[in-house]
Every structure is written in C-alpha cells, then in structure tokens.
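Engineer: Shown below is the structure under consideration.
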Amino acid sequence: MADAKETVSSLNLDRQAGNFSYAEDYAYDAGVGLTPEVVKYISGVKGEDQWILDFRLKALDAFTRMENPTHWATKRLDELDFSKIRYYLAKGARKTRSWDEVPDDVKETFERLGVPEQERAFLAGVEAQFDSESAYSNMKAHLEKMGVIFVDSTEGLMKYPEIFRKYFGKVIPIGDNKYSALNSAVFSGGSFIYVPKGVKVPQPLQAYFRINAESFGQFERTLIIADEGAELMYMEGCTAPRFETSTLHSAVVELVALKGAKIQYVTVQNWSDNVFNLVTKRAVAHEGAEVRWIDCNIGSGLTMKYPAVILKGKGAKGEVVSIALANKSQHQDTGAKMLHMADGTSSNIISKSISIADGRASYRGQVYMPPSVSDCKNNTVCDALLINTNSRTDTYPAVTCSGENNSVQHEASVSKLSEEQIFYMRARGLSEKEAVSLAVNGFVNDLVKQFPMEYSVELKRLIEMQMEGSVG
Amino acid sequence: MNPFFDSDIFERAAFPDRKNQDWRFSDLKGWGAENARRLMSGGFNEVDSYVASGTAELLDAYGKCFEGFDRVLCADAEMTYSVKGALKIGDFKTMLSEREEEDFLLVARSRGAYGEMFASLASSSGNVSIEAPEGVSGKVLVIWDSSKYPALGLRIKAGRNSNLEICSADFSPVGGLYFKETMLDVSEGARVEFSSFAQSASDARIFEMLSADIAANASLNGASVCSGCSSIRKEAALNLLGVGADAHMSFLQNASGKDWHDLRTWQRHKSEGASSRIDVKNIIDQSARASFIGEILVGKAAQKTKAYQSCRTLQLSRCARVDASPILEIEANDVECSHGCAVSGPNKDELFYMACRGLCDKAARALQVEGFARSVLEKISSAEFLNFIYGRL
C-alpha cells in the first residue's frame, strides 16, 4: 500500500480543487423540467424494460402529489424550482474499465480529484460517475472471480435482474418521501453491489460522484446486497463546481445485510454550497448482521440526510457515526434513525457537529422500539460546538419505547471552544487560528479515527480549511 | 353545554393535527374537535368517589396542619378565600384591570383551540389572582374541583423581593373537558415555590397551561405531580427574562391502565445570564402512555445561558409506551446546554438485592417506583402538601 502521506496528497478533496467545470457537451439531454416525457426519455436512452418505466411513472405521480415536508423541515426547500432543473445529461460514451479510454475532459476531472491515484493505492474497485452516467467502472479481477458484482445501477438492472429486482425499491419504497419518489422517477447511475455468501472484500469499494453541469439534478440510486456472512466497506465521495444557480442532489441508497453480514458505508460529502443535498439512506439488517454508516457532511448549502437501519433480525446491530460541519450560510440537517424490529438488537448513534459563522447544524433522530420486541438497547450521543456568536445548532431527537426489558439512553450537549484551552495553546506559541483549528480537530478526533485512515487525515485537513476566516 | 361557551370554536379553531409538531405524539382523536364537542356537551353523571374525596381530605389536612397557609377553595358553588397574612387574594374583577384580564386571556388564546375554549369559558368560571406585594412572604393552598368550575384561571404575581409558596391541588371527579391556566409573574428578586397535584376520573380530560415570566435575579422552583389522571395535557413555558433569572421545575407523570399523559415544555432564554432546568420522570404501567416534548430555546442575545433538561422513564410493562423528544435550538455560542433522555424497565440487580433481603417481588417493585419518583417529590417545598400527595399516590 502506498505511503499514507502520498495517498493523502493525491486525494486532494478540498473545495477549491472541485470548483472547476468543463464545457457542456452532451449527447443526451432531457431538457429542463420534469414531465412524463422526460421520464420516458431517460428510460428510452437506457433501453429499460417496461416494468422499470412503469415504476418510474408511478414514482413521478407520487412525487407530484406529495408536498414538501416544511411542517417539520426548513422552508428553504420551497426555494427549489423543479421546473428549472435538468434531470438527465450524458456524454453518450460507453463506460470503460481503463482510464485511458475515458473521454479527456472526464478523465482530467477525476485525475484532478485524485480518483485514479486512490484506485491504484488502496481500493478494490471504483465507479466514477460524471453527471448522470458512470464513465468508469473497474474492479480487481480476483473479486470478480469470487462472484462479487460491482457495476452501476443500469448495468445491474440489465445484467442481474433476478437479484436486482428482488431487493430494488423494497428498503425505500416509492412513497417513502417526496425526494425518494423523485429519485425513483429519474434515477440514473449509482452503484449495484452484490457480495456472495461468506466473501469478505478486503479493500474498500469506492464510488465518486461528480456534477459538471449547471442547473442539474443528480439522482444516483445505490443498492448493496451482502449475502450471508459477507463483509464489505463502501466509500463514496462527491464534489461539484460552484454555480450561481441551485443544483439538486437527491440520491437513494438501499443496503441489505443478510444473516451475519457486515456492511460499512462511508461518505464524505463536499458539495459546493449551491447544492441541495437531499438523500434517503436506509439499511435492513437481518439476524446477526451489522450495518455501520459513517457519514461526514462538510459541503452543500442544505443537506437533509438521516441514515437509517431497520434491525429486522435477532441480534442485529446498527451504528451511525456522523460529523457535520456547517459553515457560512450552510445548513446541515443530519441525523439517524434506528428501528428495532427484533429481539436483542442494539444500536449506537454518535453525532458531532460544528457550526461556524452563521452556519446551522441540526441533529434529527428517531429510535423506535415497539411492544413486540425485548432486550433491545440504544445509545445516542450528540455533541455540538458553536464557534462564533452567530452560529446555531438544533437537536430534534424522538424516542419511542415499549416492549420488555428494552433500554434507551440519549444525551446531547452544546458548548463553545474552551477559552482555557485556547489560552494554553497560544501561551505555547500557536497562533489563534492554529489553536482554534487544533481544538476543533480535537473535538471530532475520536470520530474521525473511525474513518479509513486515508480519509481521516484528509478530513482533518478539510476541517482546518473550513476554519479559515472563522476566527476573530 | 355551558351557555357561555362559544361552540363556533369547534368549526373555526385549529385543533391539533398530524402536521402540528407540538402534538405529534398526542392522542389526536382524543384531542380532536369531535371528542371535545362530545365532552363539552355534558351528560356525565357518574362521580369517581375516590377522586372526589381528595377535596375533603385536603381541606381536613389544611385545618390540622398547613400552618401559615392562606387558602383558596374553588370546590363549592361560591369560591371562598381564607386570607390570614399580607397577601392579596381575590377574583379577577376585584384584583385586575380590564387590560390585565385581557392579557391573561391573550396568552391562553395563543395555545390554539384549547386555549380559545378556556378563554370562552373564563367569564363563567373560577378566576383567582394571588399577589404578594413587594418584600412580603406568604403561602397559599389552592383547591380546585373541576366539576364545580370547569375552567380555572390562576394569576400569581410575586412582587419585588417577595417570597411566595403556592400549592395547587386539582380534582376532576366527573367526566368532561376541563381547563386550567396558571400565569406566574415573578418580579425582580422574588422567590416562588410552585407545586401542583392532579387526579381525575377516567372520562375526564384536562388541558392545563402554565406560563411563567421570571425577571432578573428572581427564581421559580417547584414540582408538578400527575397521578391517576386518564387524559391530561400540560403545556408549561418558562420565560427567563433577565440576568440571574433561574427556574427549576420537575414533573412526575404516573400513568397506568389506559392513561395518556402529555407534557409539552419550553425553556425560553431571551436575555443573558439566566439558568433553567426541567426534570421529567414518567412511570408507565399496563397500557399507559406518556409523551414529552421539551424545548430549550436560546436566543441570540442570551449568552452565558445555562439550560438543562432530563426525561427519565420507568417502564413497568410491555405494553406501556413512552414518546420523548427533548429539543435544543441554540443561537448563542457562549452557553452550557444539555439534555438527557433514558428509558428502562425495573433494574433486575436491585430487585435481586431486595429479594435476597426478604422483600417479596411486589414490595421490592413498589420501593423501586418510590425511589424513582422521590427526586421529583423532594422538590415539593411544603412538607404538609407532600404528605398529602404521598397518601394519594
């Protein structure tokens, strides 16, 4: 494996590194606005079977009927003008397994973002999506021989319908919420992964989502199935250039961990601040399975994302580790949901947020234990750090508990940087900026350590960059 | 139906619905317009004799102990007062200006349909004003039987540097819908101890509002105990308005059978340097439900705020259910704010320990429940009132 420092420098995930775009030169363009014709166009370009088109049209109908949930969520959602978004853009080039065959502008994009370097250094496979479609997809040969499938959702639908159809739309149905309905109508790209029984994928699989076009909506759909006893780690990163108009990212991620399986899903979200990042992520954990969401949100103007685990089988475990950083004019509305639907299940939610300038970080959580379950446990810890006098934080947990011998505990705290700590560091020669940066990194350190090493070092660097200008 | 009641409210007022986040854990059918209309229409004749006995029992206790307490009795055809000290006690007509009375009802109306219903009944129901002038100390016992007065307005004003202790006991022995609004105005430097206890019949539904304005260097402490109430919703708002203002309220909801206890609180910090704390304990058994939504709101100007909240639930049976949502909305950075929420069943190690020492399971569990409730009961400042409550639990 390459030296960690070299790997870190090649990751190059900072905001400015992502703030570039190429000329819009698309072979397939569904135009602006959302109508049944747009949905049919997308399905036609992909050559989909009738059942998928029917699914999409049913979802469009649900999306149109459903209201924005502004009775509990921020009214900023009403700023989205669905009639001005472009729902499908593709260059028309076939996806390749070699970077040399990828169109130049796409290849340069991912090289600037360090994706090929990562792949060489430590990944088992990469899926690189440019606007609506995957441009590159590759996986190490020995994993293919073991029966691991790692393709984009379109290929998964076409080549593996018996597995795909069994689980697709079952964890997150069309009518779950307005934005899952939208995704179900116009989804394109995203990953389909199947890991066979007993196979443990030793290195992470990664997907990288890149938005290039203005006024665009990216709607990837990811479905991961870990069969009995299987294990994998999946990482996703994302960036977009900064435009004056709004960009929408509305993804759906469904995970299925069958008996004894383990899935770790790591996200580092660093969208530009004109992006509305509205994502539905949910996992079903069967008997003895473990699902772990590791979620870091640093970018976007508004993020609404609540990774969930339905603990369906006896002894299943769910965990969400979340870091949210809300800088100037950002609102990170994140959290977790744990639904204990079987005996002996346990869940753990750890959330840390940092609010800088007038940034707003909100935690929204749900823990549910019905009367039918027993011996379940949940622990939730939320800590918030407010850097400036105009920073804001909110916590909105919801606990529902019945059943036999269940226990739930939740705690949350809000604080500012310790003046004693800052004074101590400044007395030892650090500038105020360095001291604040160190204190903030210390606040999130125990969570950052849980990210893969390559990401944790870069994450600390990203946080330091966000702190610039926040002091004084 | 009460002839003074404006029945148009059922058509025009905003009754709670699924979208109203303040009511998201509540019994929406039970609190809906249709059920409210049914309860207001009367026709409930059966008297819960145990609940009804509470008034007489407390009056008897008042006569024997409760030394130094003034008394307000809203349990007969006419409200009566027994004023021994320097407090000013009377009804709204004699004590408040028209403007003050209107302000009182305005606060109620801001609570939605149920506040409007209270305001509609206010002119025909019991309204009591208790005032401690500057520097004066006093204690008052308020006894309310809702079958005599379906709505009670309690306006309590503690003047600068005064000391006031209020014990309020509410009994609803007959089915129906009842309302209580308590408004506390705690002036600069004043100290108020406020304790309340409520019991009701199985088909009685009670909507209770408490709002307290606490000025600079003033304090409000107290406890609210609800035991044997089938359907009760309490809304309590603590407004911390000046530097050094402090409020600490504890709530005990003891629900069994098919009881449903609903508690909504706000700790609003509008100025800097104030502190507040709310502790909630729920004991739920059989198929009872307890719900709690508690909000700590710290405004931009409220630096140096200290605000805490805890909600603990002891769940005694499989079908009992608790819904809890402790909320923080913080807009100032130099603050200490935290909350905690825990739910569990009886501690098995403790039960084993007591069994080893010869206690039967029933006695051991009863001890556990008493131990769990104790931290709230200890906040009741009057030993006489506490003894009375223990006898009724």
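The values are calculated or read from the model by the stated rules, or taken from the named source; none is laboratory data. Keep in mind the model is a prediction, meaning the values are calculated, not measured. No Cβ is skipped: glycine too gets one built from the backbone with ideal geometry, and neighbour counts run over all protein chains shown. Accessible surface is based on the protein model in full, side chains and every heavy atom, while ligands, DNA and RNA are left aside. Shrake-Rupley method; radii C 1.70, N 1.55, O 1.52, S 1.80 Å.
Engineer: What ranking of A:78, A:29 comes out by heavy-atom accessible area, probe 1.4 Å, highest first?
Structural biologist: Working: A:78 95, A:29 70 Å².
Ranking A:78, A:29 by accessible area, largest first, yields A:78, A:29.
Engineer: Then there's this: Using the Cα gyration tensor of segment B:260-393, with a ≥ b ≥ c the square roots of its eigenvalues, what is the shape: rounded (a/c below 1.5), prolate (a/b larger than b/c) or oblate (neither)?
Structural biologist: Verdict is prolate for segment B:260-393.
Engineer: Accessible surface of residue B:53 in the full protein assembly, 1.4 angstrom probe, to the nearest 10 Å²?
Structural biologist: Residue B:53 exposes around 40 Å² with every protein chain in place.
Engineer: Separation between the residue A:379 and residue A:78 pseudo-spin-labels, each 7 Å from Cα along Cα→Cβ, expressed in nm?
Structural biologist: Here the modelled spin labels are 4.3 nm apart.
Engineer: Using all C-alpha to C-alpha distances in the protein assembly as shown, build P(r) with 20 Å bins and read off the rounded percent in each one.
Structural biologist: Taking all Cα pairs of the protein assembly as shown, the binned fractions are 14, 41, 30, 13, 1 percent.
Engineer: Right, something else. Order A:286, B:261, A:71, most accessible first, counting only protein heavy atoms with a 1.4 angstrom probe.
Structural biologist: So the residues, ranked largest to smallest area, are A:71, A:286, B:261.
Engineer: How many Cβ atoms of partner chains, on average, are near each residue of A:386-395 if near means within 10 Å of its Cβ?
Structural biologist: Numbers: counts 7, 1, 1, 7, 4, 4, 7, 8, 7, 10.
Mean number of neighbouring Cβ atoms from other chains: 6.
Engineer: A further question on this structure: So, taking all protein chains as they sit and a 1.4 Å probe, how much accessible area belongs to residue B:65, in Å² rounded to tens?
Structural biologist: Approximately 60 Å² for this residue.
Engineer: A further question on this structure: Top to bottom by accessible area (1.4 Å), largest first, where do B:102, B:134 land?
Structural biologist: B:134, B:102
Engineer: Moving on. Only helices at least 30 Å long along their own axis, judged from Cα atoms, and with Kyte-Doolittle mean hydropathy of -0.5 or greater: name those in chain A from DSSP H.
Structural biologist: Result, helices passing both filters: zero.
Engineer: Something else: Among A:225, B:164, B:35, which residue has its Cα positioned farthest towards the positive end of the charge dipole of the protein assembly as shown, with +1 placed on the Cβ of Lys and Arg, -1 on the Cβ of Asp and Glu, and the dipole taken about the Cα centre?
Structural biologist: The Cα lying farthest towards the positive end belongs to A:225.
Engineer: Additional query: Kindly identify chain A as rounded, prolate or oblate by the Cα gyration tensor criterion: order the square roots of the eigenvalues as a ≥ b ≥ c, call it rounded if a/c is under 1.5, otherwise compare a/b with b/c, prolate if a/b is larger, else oblate.
Structural biologist: Cα axes put chain A in the rounded bin.
Engineer: Per the 1.4 Å probe, what fraction of the accessible area of the protein assembly as shown, in percent, lies on carbon and sulfur atoms?
Structural biologist: On the way: 15700 of 32030 Å².
Within the protein assembly as shown, the accessible surface is 49 percent carbon and sulfur.
Engineer: Would you mind calculating the relative contact order of segment A:365-465 from Cα pairs under 8 angstrom and at least 6 residues apart, reporting the percent as a whole number?
Structural biologist: 26
Engineer: Under 1.5 on a/c is rounded, so check that first for segment A:418-472, then, if it is not, pick prolate when a/b is larger than b/c and oblate when it is not; a ≥ b ≥ c are the square roots of the alpha carbon gyration tensor eigenvalues.
Structural biologist: prolate
Engineer: Next up: With a 1.4 Å probe and every protein chain left in place, tell me how much accessible area residue A:422 has, in Å² to the nearest 10.
Structural biologist: Approximately 20 Å² of residue A:422 is accessible to the 1.4 Å probe.
Engineer: If you take every DSSP beta bridge whose two residues both sit in the protein assembly as shown, what share of them, in percent to the nearest 5, is antiparallel?
Structural biologist: Counting DSSP beta bridges with both partners in the protein assembly as shown, the antiparallel share is about 10 percent.
Engineer: Please identify every one of the trypsin sites (Lys or Arg not before Pro) in segment B:51-84 that sits in a loop by DSSP and has no more than 14 other beta carbons within 10 Å of its own beta carbon. Could you put the intermediate results ahead of the total?
Structural biologist: Working: sites: B:64, B:71, B:84; in loops: B:84.
Within segment B:51-84, the qualifying trypsin sites (Lys or Arg not before Pro) (loop, at most 14 other Cβ atoms within 10 Å) are B:84.
Engineer: Just to check I understand the Karplus step: with θ = phi - 60° and J = 6.51 cos²θ - 1.76 cosθ + 1.60, what whole-Hz values come out for segment B:370-377, glycine and proline as x?
Structural biologist: Here the 3J(HN,Hα) series is 4, x, 5, 7, 4, 5, 7, 4 Hz.
Engineer: Lys and Arg at +1, Asp and Glu at -1: add these up for the other residues within a Cβ distance under 12 Å of residue B:373 and post the number.
Structural biologist: +1
Engineer: To continue, here is another question. For residue B:348, go through the lysines and keep the ones whose alpha-carbon is under 27 Å away, minus same-chain ones fewer than eight residues off.
Structural biologist: List returned: A:312, A:314, A:317, A:377, B:258, B:281, B:362.
Engineer: Right, something else. Under Stokes-Einstein, with the Kirkwood radius over Cα pairs standing in for Rh, what whole-number D in µm²/s applies to segment B:9-392 at 4 °C and 1.567 mPa s? Walk me through the numbers before you get to the answer.
Structural biologist: On the way: Rh = 21.2 Å.
It comes out at roughly 61 µm²/s.
Engineer: Next up: Looking at chain A, what % of its DSSP beta bridges pair antiparallel, to the nearest 5?
Structural biologist: 10
Engineer: Something else now. Counting Lys and Arg as +1 and Asp and Glu as -1, each charge on the Cβ, what is the dipole of the protein assembly as shown about the Cα centre in debye, to the nearest 20?
Structural biologist: The calculated dipole for the protein assembly as shown is roughly 1320 debye.
Engineer: Using R₀ = 45 Å, calculate the FRET efficiency as 1/(1 + (r/R₀)^6) where r is the Cβ-Cβ separation of residue B:8 and residue A:51; round to 0.05. Kindly include the intermediate steps, with their values, before the conclusion.
Structural biologist: Numbers: r = 53 Å, r/R0 = 1.19.
The formula returns an efficiency of 0.25 here.
Engineer: Here's a follow-up. Buried accessible area between A and B (1.4 Å probe, both chains summed, ligands and nucleic acids excluded), in Å² to the nearest 100?
Structural biologist: 2800
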